[in-house]
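J.: One structure, as structure tokens, below. Some questions next.
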Amino acid sequence: MNKGTLKQPYQAGLVYTASAYVMWGVFPLYWKLVDNVPADEILAHRVIWSFLFMLLLLCITRQLGSLKETIGYLFRHPKKTLILFSASLLISLNWFIYIWAVNNERIIETSLGYYINPLVSVLLGIVVLKEKLNFWQVISVGLAAIGVLFLTLHYGEFPWVSLGLAFSFGIYGLVKKTIQLEAKVGLTLETFMVTPIALVYFIVLYAKGDSSFVVGNPTTSLLLIGGGIATAMPLLYFAKGAPLIPLSMVGFLQYIAPTMTLLLGVFVYHEAFSSVHMIAFLFIWGGSVIFALSKTKFMVAHQPKIRKSRSVGL
């Protein structure tokens, strides 16, 4: 009975976290339904409706008190407010790049970005937080860098979509580490901070008669509203599931989303996937697998003892 009780939170964590990554993985299917709407307008709606959905959710779960307390805390700590605002801008940038790429037949590039993302987080940890890598983590970052460089040199075009997604989300995660907020409250405030910008943009667009909302297809309007729920749900599932399972398991599960996105890009939307893409992806996949396994007992036991031999010499 005791063992069964211990297993239940772990199993729930697996289900919630995997579900979040599956939802992120099938996002292209949703945004393709509104590919007739410009990416900037989709982003504005995504921000506005995400905020309203989160506010409604806080009302239902009776967490408005927690929201008020957090707002009071931010008023007393303006630096924290600036940090949260910068996080809001970063996640908005990430959303925009993603929507634009999906609706411009560059889904494969988005999957590449999210394969690279964990390795970018490692690099940011080294540069900003002065973290140290073990041997296998250095190898994993090196392999990913070779893959990106190979793509850039072969096509003569910097993979800005992939790296834009990876770095915007990586820096977003880094910024979020400095301000710990409850998941639902944090997401509500993040969307709230950019909602005024989105509203002004929407009003100007509507006044010019260029809006796809209400005046256009009713189905499109409903899908734009639903984009807020589609944005919030995986974030909430992730926030609920990730604390219940080991970080290593979260690391493995995170590759569900880019893998599903890649498969959609190749087999559903028939985007070009050449031998050059395959070689670059093999390097990046190799780096991702090594990174995911880098702290396991087997890999740690079989890494070169460079650091140890140096310390003996000293």
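J.: For the range 66-172, list the helices (runs of 4 or more DSSP H) that sit wholly inside it and hold at least 1 residues that are open to solvent by 20 Å² or more (accessible area, probe 1.4 Å) and under 23 Å from Met299 (Cα atoms); which are they?
T.: Details: elements: 78-102, 107-127, 135-155.
Per the criteria, 107-127, 135-155.
J.: Within the range 11-48, how many residues are acidic (Asp, Glu) and within 19 Å of the chain's Cα centre (by Cα)?
T.: Residues of the range 11-48 acidic (Asp, Glu): 35, 40-41.
Checking which are within 19 Å of the chain's Cα centre (by Cα) leaves us with 40.
Here the count works out to 1.
J.: Can I ask one more? On the given criteria, is Leu84 closer than 15 Å to Glu190 by Cβ, within 15 Å of the chain's Cα centre (by Cα) and touching a residue at least 60 places away in the same chain (Cβ under 8 Å)?
T.: Numbers: closer than 15 Å to Glu190 by Cβ: yes; within 15 Å of the chain's Cα centre (by Cα): no; touching a residue at least 60 places away in the same chain (Cβ under 8 Å): yes.
Here the answer is no, as Leu84 does not meet what is asked.
J.: Here's another thing I want to ask about it. May I ask you to verify whether Leu52 is aliphatic (A, V, I, L, M) and in a loop (DSSP other than H, G, I, E, B)?
T.: On the way: aliphatic (A, V, I, L, M): yes; in a loop (DSSP other than H, G, I, E, B): no.
When the stated conditions are applied, Leu52 does not pass them.
J.: Would you call Ala144 among the aliphatic types (A, V, I, L, M) and in contact (Cβ under 8 Å) with a residue 24 or more places away in the chain?
T.: Values: among the aliphatic types (A, V, I, L, M): yes; in contact (Cβ under 8 Å) with a residue 24 or more places away in the chain: yes.
Yes, satisfied.
J.: Where residues in the range 187-215 are open to solvent by less than 70 Å² (accessible area, probe 1.4 Å) and without any contact (Cβ under 8 Å) to a residue 24 or more places away in the chain, which of them is farthest from Val47 (Cα to Cα)?
T.: The selected residue is Gly209.
J.: All but one of (1) at pLDDT 90 or above; (2) under 30 Å from Trp136 (Cβ atoms); (3) of a type in the set (S, T, N, Q) hold for Ser86; which doesn't?
T.: Answer for Ser86: the failing condition is (2).
J.: Residues that are open to solvent by 20 Å² or more (accessible area, probe 1.4 Å), closer than 30 Å to Tyr201 by Cα and at pLDDT below 85: does the range 225-235 have at least one?
T.: Yes, because at least one residue in the range 225-235 is open to solvent by 20 Å² or more (accessible area, probe 1.4 Å), closer than 30 Å to Tyr201 by Cα and at pLDDT below 85.
J.: Follow-up question, since we're still on this one. Find the helices (runs of 4 or more DSSP H) located wholly in the range 203-290 whose residues include 1 or more that are over 21 Å from Leu151 (Cβ atoms) and more than 16 Å from the chain's Cα centre (by Cα), and list them.
T.: Fully inside the range 203-290 and qualifying: 218-241, 247-253.
J.: Could you list, ordered by first residue, the pairs with Cβ atoms under 8 Å in which the first is in the range 11-24 and assigned to a helix (DSSP H, G or I) and the second is among the charged types (D, E, K, R), at least 6 apart or interchain?
T.: Tyr16/Lys240
The values are calculated or read from the model by the stated rules, or taken from the named source; none is laboratory data. These numbers come from a predicted model, not from an experiment. When we count neighbours, we look across all protein chains shown, and the Cβ atoms used for this are built from the backbone with ideal geometry, even at glycine. For the accessible areas, the whole protein counts, side chains as well, though only heavy atoms, and no ligand, DNA or RNA atoms are used. Shrake-Rupley method; radii C 1.70, N 1.55, O 1.52, S 1.80 Å.
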